[in-house]
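The block underneath contains the structure these notes are about, expressed in structure tokens.
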Amino acid sequence: MALCGEDHVAAVADMKPWVGIILAGVVARVVVIALCGGLHPQALEPSVIAANLNAGRGFTFEQYGAVYHAWKEPLYIGLLAILTRWFGEHPLPLLLFQGMFGVATAVGVAIVARRILGDATKATVAGVIASANPFLVFYDTQRIHPLSMDAFLFIATTGAVLVAVMGQGARWRQSLVAGLVTGLALWQRATLLAAAAMSWCAAVIRAPAPHRARRALSAGCSLILALLVVSPWLIRNYRVLGRWAVTTDAAHVFWLGNNPWSNGTYSDDKGRRVFYVADEAFQRHILGASELEQYDRFREAAGQFIVQQPARFAGLVLGRLKTFFWFSPNSGLLYTTEQKLIYQIAYVGLLSLGLVGLAGFWTRATESRRYEAGVIIAGVLGLAAAHSVIVMNLKHRVPLELVLAIFAAEGLVRGLTVLRAWGKAVNAKDERPAGEK
């Protein structure tokens, strides 16, 4: 009986960190809802497609005068359609749905941090930091948007790769699970393939020589399985459109970041969509064209720009890469001054703590822990590379902020430990008898 009681106490103690992370995420979201005046999230493009699905118009969205049938990946939009069919337009179920992914992301960060840092306290701190991420909290409460689902799938994808490469040799079952998770992620965000591929590349390159070939084979099998998982969506698009495509908005998004009027983001320095500051001849060339005609024309225009102005393209790529880690000239144009300031302070603090924590971790960690950290960091670098070539908005770097939360926890807990030890040493010195000083 005593042993059963001890087991129960231990189980409750093990649950406390997870409850704390979840509670921190819930409180952060409730506070923002209260400060912003209640449940009034802004509906965006996914809500339009979900409404079209429920109205029997299919997976359609109108853009620049054309009806798109594969505008974006379908996972979040399909789930949104189900929720609105069941609960109507009331925002509470939608915000609970989004918030669930936001909190699950924080728990995922804590799990990854526990593995990399090897410390339960640091993992809990990382989870709490992630649970209060300003982007995730804002989008979970003020927008009908899949940002938290995207963030969760990033952690799930790179975390699954991490599990697959832990220890020595090939772990085939875990590699297949990583492929399934990555494939599911591709139903929501195609750029997550870059994160998975870079994580696998880091795992293969930095693997011990005797295990490198098996790791490479595991990586190949996992990525092929991911493509098989997303293939029904590709086949559907081929049957509807007559060509293979993940989304037909991809060429438009690529053009937004790579054209003579672009600063590397979606909008200009006044917040206007780049398309509407392009010259009228180009706008007429696009307006009224069909979905596939727009796809081809945006792709051709971006290609011509890259060929004709390679230096300008290179400058945009470097600018977007800088923006991924810092800020862009038009950052925060769609937010209030207070919201922009809060985010800037939070990000600078997170970046500083994260870099300090990463430097300390790298000098103290074992080779195996550095290897595992490299797998997660490589996932972020994969996204940085993808967005530096395509287009960049600050919300695209939420995965970076999640990984920074892991190393910020390392720096914060380590710093507090050093301060506590210093304080004890000072107190002990003051308490010694005068003759012993």
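Summary table
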quantity	calculated
Pick from the range 219-273, criterion surrounded by 15 or more Cβ atoms within 10 Å (Cβ to Cβ) and of a type in the set (Asp, Glu), ranking: modelled with the lowest pLDDT	ASP268
Members of the range 274-294 found to be among the aliphatic types (A, V, I, L, M) and either at pLDDT 95 or above or surrounded by fewer than 18 Cβ atoms within 10 Å (Cβ to Cβ) (or both), listed by number	VAL277, ALA281, ILE286, LEU287, ALA289, LEU292
Residue match in the range 73-92 (condition: part of a helix (DSSP H, G or I), out of contact with any helix residue (DSSP H, G or I) (no Cβ under 9 Å at 6 or more places or on another chain) and loosely packed, with under 15 Cβ neighbours inside 10 Å)	yes
Which numbered condition CYS36 fails, given (1) in contact with a helix residue (DSSP H, G or I) (Cβ under 8 Å, 6 or more places away or on another chain); (2) touching a residue at least 60 places away in the same chain (Cβ under 8 Å); (3) crowded, with 16+ Cβ neighbours inside 10 Å	(3)
Residue among ALA213, ALA202 that is modelled with pLDDT of 95 or more and either within 30 Å of ASP279 (Cβ to Cβ) or assigned to a helix (DSSP H, G or I) (or both)	ALA202
Top-ranked residue in the range 265-294 [being without any contact (Cβ under 8 Å) to a residue 60 or more places away in the chain and under 28 Å from the mean Cα position of the chain (by Cα); ranked as farthest from GLY332 (Cα to Cα)]	VAL274
Residues of the range 334-347 that turn out to be in a helix (DSSP H, G or I) and either at pLDDT below 85 or of a type in the set (Phe, Trp, Tyr) (or both), as a count	2
When residues of the range 127-186 are limited to those that are out of contact with any Gly (no Cβ under 9 Å at 6 or more places or on another chain), of a type in the set (Val, Ile, Thr) and in a helix (DSSP H, G or I), the one nearest to ARG370 (Cα to Cα)	VAL165
Test: THR157 is in contact (Cβ under 8 Å) with a residue 24 or more places away in the chain, closer than 17 Å to LEU381 by Cβ and touching a Ser or Thr at 6+ places or on another chain (Cβ under 6 Å)	yes
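The values are calculated or read from the model by the stated rules, or taken from the named source; none is laboratory data. What you see is a predicted model, and the numbers here were worked out from it, not measured in a lab. Don't worry about glycine lacking a Cβ; one is built from the backbone with ideal geometry, like all the others, and counts go over all protein chains shown.
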